[in-house]
């Protein structure tokens, strides 16, 4: 019985590893020079990969800081013809991931604004105009 359990666990581990390797092949990677937020999760500056985990779900990973988070997405109306981009909305000194665009991975996804982003947007609108920041990805 222990042998069957061990074989089953080994097989499952193999499938999980293969799925993770496939997800990394489909990932968009970028060096983000500033801290940013996705939903209610804050991320430090660093190298990140974003992979599509399901029809409307992405995983955001930073192995150096052991940070992983899932986010709901929707199709983006915009596309990139060359390479990949991670698009951030900036309000003051706060950055929010807005889109992940990749021509090679067919990943053109938009992240809906969280309540924290909407609050930052309202506060910044009272002070200054907002801006959008594009980070090249690979």
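Scan the stretch 65-96 for residues that are closer than 16 Å to residue 36 by Cα and surrounded by fewer than 17 Cβ atoms within 10 Å (Cβ to Cβ) and jot them down. Matches in the stretch 65-96: 65, 66, 67, 68, 69, 70, 92, 93. Given the condition assigned to a strand (DSSP E or B), within 25 Å of residue 29 (Cα to Cα) and over 13 Å from the mean Cα position of the chain (by Cα), answer yes or no: does some residue in the stretch 121-132 qualify? Yes; the residues of the stretch 121-132 include at least one that is assigned to a strand (DSSP E or B), within 25 Å of residue 29 (Cα to Cα) and over 13 Å from the mean Cα position of the chain (by Cα).
Restricting to the stretch 104-123, and then to whatever is on the phi < 0 side of the Ramachandran plot and modelled with pLDDT under 80, can you tell me which residue is surrounded by the fewest Cβ atoms within 10 Å (Cβ to Cβ)? The residue in question is 104. Say we look at the stretch 84-96 and pick out the residues that are assigned to a strand (DSSP E or B) and out of contact with any strand residue (DSSP E or B) (no Cβ under 6 Å at 6 or more places or on another chain); which of these is modelled with the highest pLDDT? That would be 94.
In this structure, residue 99 does not qualify as part of a helix (DSSP H, G or I) and crowded, with 17+ Cβ neighbours inside 10 Å.
Residues in the stretch 106-114: is at least one part of a loop (DSSP other than H, G, I, E, B), touching a strand residue (DSSP E or B) at 6+ places or on another chain (Cβ under 6 Å) and under 14 Å from residue 26 (Cα atoms)? So that I can check it myself, show each step before the final result.
As a first pass, look at the stretch 106-114 and keep what is part of a loop (DSSP other than H, G, I, E, B): 106, 111-114.
Now restrict to residues that are touching a strand residue (DSSP E or B) at 6+ places or on another chain (Cβ under 6 Å): 111.
Filter once more, so that each one left must be under 14 Å from residue 26 (Cα atoms): none.
The answer is no; no qualifying residue exists.
The values are calculated or read from the model by the stated rules, or taken from the named source; none is laboratory data. All figures in this text were calculated on a predicted structure; none of them were measured in a lab. In this analysis, Cβ positions are derived from the backbone assuming ideal geometry, glycine residues included, and neighbour counts consider all displayed protein chains.
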